[in-house]
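Every number in this text was worked out from the coordinates using simple rules, so none of it is lab data. Keep in mind the model is a prediction, meaning the values are calculated, not measured. With ideal geometry, Cβ positions are generated from the backbone for all residues, glycine too; neighbour counts draw on all protein chains shown.
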Amino acid sequence: MRWFEVAGRAAAGLVVAIVASSVVGCSGDEGTGGEGTGVVPDGVERIMVTSREHTDADVDYPTIPPAGGDHLGVWHNCGLYTVELHDEAAVHSLEHGAVWITYRPDVGVAGIVSLTGQLTGVDKVLLSPYPDQEAAVVATAWARRLELDGPDDPRLLAFVDTYRDAETAPEPGVACEGGIGEPPADPLAGLR
């Protein structure tokens with residue numbers, strides 16, 4: 001082989017290595033950094049996220065609720081909502097390091113009051129109903145999710161402490177306000 005062929009193959013190999021590391025870095029998986037300051041609670045699922053592009057299309061996410069992927073160019077303002085949020089905007093909030101706590105409405109008033117009490121005053125958190133999920137309560141961060149036993153599961157706050165603004169999110173520390181939504185009941189505020 002001539003030198004320019006060897007150099008060309010070496011350069012192609014370097015490009016492949018850079019692209020591969022970028023894909024892993026965008027996936028929100030282990031290669032992106034630490035789990036945050038808390039202790040990882042038992043049962044946390046790691047979700048492979050392969051893309052995080054902005055889109056105006058509805059996205060068919062592999063998990064319910066979604067734990068990352070393509071999303072709207074605008075995010076939901078963090079806060080405690082009493083109405084369903086838009087998956088694609090909530091995923092953008094997750095990209096910014098937010099944690100999204102969702103509950104089935106059948107947890108009842110006492111369950112919703114418990115969740116609200118635990119999360120009031122906690123920044124970078126979304127709380128909203130999600131009728132289609134299987135578990136009563138699910139805690140979701142970018143590429144991480146945890147099905148909880150109910151509103152009073154002690155793993156809830158451990159998950160929030162561990163993944164809120166953690167380096168597992170592609171853009172930790174980015175704003176969770178200035179987007180859309182006005183808790184508790186207007187997820188479209190700012191779009192009209």
_Integer Hz, Karplus 6.51/-1.76/1.60 couplings in order for segment 44-61, x for Gly and Pro_ = 5, 8, 9, 10, 6, 10, 9, 8, 8, 7, 7, 8, 9, 7, 5, 9, 8, 7
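Which order results if S128, S93, S114, S51 are arranged by neighbouring Cβ count within 10 Å, fewest first?
Lowest to highest Cβ neighbour count: S51, S114, S128, S93.
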*Rg and Dmax of segment 76-117, using alpha carbons, in Å: what are they?*
11.1, 31
*asked:* Quick query: amide H of I64 versus all other amide H atoms, modeled in the peptide plane; which residues come in under 5 Å with a sequence gap of 5 or more or a different chain?
replied: none
*asked:* As a footprinting exposure proxy, order L146, L94 by other Cβ within 10 Å, with the fewest listed first.
replied: L146, L94
*Alpha-carbon centroid distance for the pair segment 86-120 / segment 134-192, whole angstrom*: 6
_Give me, ordered by chain and number, the residues 5 or more places off E182 or on other chains with an amide H under 5 Å from its own placed amide H._
L188, A189
*asked:* At a 10 Å Cβ-Cβ cut-off, how would you order C176, C78, fewest neighbours first?
replied: C176, C78
*Amide H within-cut-off set for L126, under 5 Å, with H built and near neighbours excluded*: G79, V99, W100, I101
